[in-house]
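Peer 1: Just passing along the structure, written as structure tokens.
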Amino acid sequence: MRCDVLAIGTELLLDAALLADETYRASFLSGFTVDPTLVAWREPEGPSRFAMLLSRMRPHGVPDDLREISSITYRLQRMLSGRPLLAPNDSDLRAIATALAAHRPRVEVAAETVLRAVRASVQGR
């Protein structure tokens, strides 16, 4: 199984674990209020791309569907389907779902530690 697919899947599992907490749900939704023009972007098209992302995400709100492995697998399929070297076939999708289900408990246990490390990194800048 490709490591990049599992990395993305792990990130989505982490999102699911964090969104079980009301504080993180509120933080997630507060991200929708960001004015794209007030962010320092590396590329000139950054504000317009971010605005497009926000317009797609706002109607959906908190991604509660991430609680289901099948939703994460579907998202991975959609993300990777246009990339010939990464696009998963049916067999890959079954293996991905199995790996994600096995990996989920570890991600849930590690979620707070990951957040502490991210906070420490951001504060150290």
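The values are calculated or read from the model by the stated rules, or taken from the named source; none is laboratory data. This one's a predicted model, so the numbers in the text were calculated from it and none came from an experiment. Backbone-built Cβ (ideal geometry, glycine too); neighbour counts: all protein chains shown.
Here is a yes/no grid of residues against (1) modelled with pLDDT of 95 or more; (2) within 18 Å of the chain's Cα centre (by Cα); (3) farther than 24 Å from residue 19 by Cα; (4) of a type outside the set (A, V, I, L, M, F, W, C):
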position	(1), (2), (3), (4)
59	no, yes, no, yes
68	yes, yes, no, yes
72	yes, yes, no, no
86	no, yes, yes, no
96	no, yes, no, no
105	yes, yes, no, yes
114	no, yes, no, no
118	no, yes, no, no
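Peer 1: For segment 80-121, which residues satisfy the criterion of being more than 21 Å from residue 67 (Cα to Cα) and either among the hydrophobic types (A, V, I, L, M, F, W, C) or in contact with a His (Cβ under 7 Å, 6 or more places away or on another chain) (or both)?
Peer 2: If the condition is that a residue be more than 21 Å from residue 67 (Cα to Cα) and either among the hydrophobic types (A, V, I, L, M, F, W, C) or in contact with a His (Cβ under 7 Å, 6 or more places away or on another chain) (or both), then 85, 86, 87, 117, 118, 120 are the ones that fit.
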